[in-house]
Each structure stands twice: as structure tokens, then as C-alpha cells.
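Throughout, read-outs are computed from the coordinates displayed, never taken from laboratory work. Note that the structure is a prediction, hence the values are computed from the model and not measured. Using ideal geometry, Cβ is built from the backbone for each residue, glycine included, and neighbour counts are taken over all protein chains shown.
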Amino acid sequence: MTIQIDAYNAYKQSKVYNSPGAALLTYIGAFESLDEKCIATLTGDGVLIEVPLLKPNRLFGYSEIERGHKAAFNSIENTSFCIDDEVAENDDAAIFLGRVKVTRINGNVDLHDVGIVAQLTDDKLSRISLYFNSRNIRRWSDESIL
């Protein structure tokens, strides 16, 4: 069993997380489990979630977060995150780098290098942002823009 599934199962029993890293791992475990209700309870109102896989890809508040994830999960057969190293964290934020594999119901498979950040404000989750490696898409960004 993966650490993110362990964190997800622990959160489902206790409804608490004790660090930004635990909140991040719980979100990832709930995403892998396609559990939009757990994700919504983990985050609640006033939270920003930015995930390119979702439409819209910026979600605010409990109902929008639940609806956005549910809509995305309707097209996903399964998903898995591979964490390259330990989750790095301080008192207010956590980040990890790795890969995500998404298998769609239609058979398409998406593989992405990913970085995910979770931020706490007043010990409550205030933001989760997922970043894909876009270097092959945005080649112009390697050049000076000014």
C-alpha cells in the first residue's frame, strides 16, 4: 500500500491531518481513489485547487471542488501518482515531485511529470496546486521575453 493511500485511509477515519505533508498525501490518495466527497471535506470553503486535469482547472470552495473533481472522475478509469522522493514540508506548505498516470475510460493513457504543492493557513488547507512539466509545450519560454 502506498503512503498516499495510507494517509487517505487515516483521514477517512479521523477527519484530521496533522501537517501540510499529510494533507497533500491525503488529497493524492483521495484523487487516486476517485473520491470527490473526501476531497471536498479535506478542503472545504475558501480553498483554491488548481489542477490541469479539471475543467475548470481552478476550483474554489466546497461545492465547486466536489463538482469539478466528480466531473473529471467520470472520464477516469484509474490514476496513480509516483512520488520520486520524500515530501518536503515546513509548517505551512508541502511539495513533492513525481509522475502521474491517468487511464481514461476511453482507453487513453496520460503520463505527466508533476509537482504538487499544498499550503496551510491557520492550520487549515488553503491551496493545492498541481503543475505539469510544460517545457515541451512552451518552448518559447526558454527564451528571453523582454
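See the values below:
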item: Unit charges on C-beta of K, R, D, E only; dipole of region 1-96, Debye; result: 500
item: Point-to-point label distance, Arg67-Ser19, nm (Cα→Cβ direction, 7 Å offset); result: 3.6
item: Local net charge near Val100, Cβ-Cβ under 11 Å (Lys/Arg +1, Asp/Glu -1); result: -1
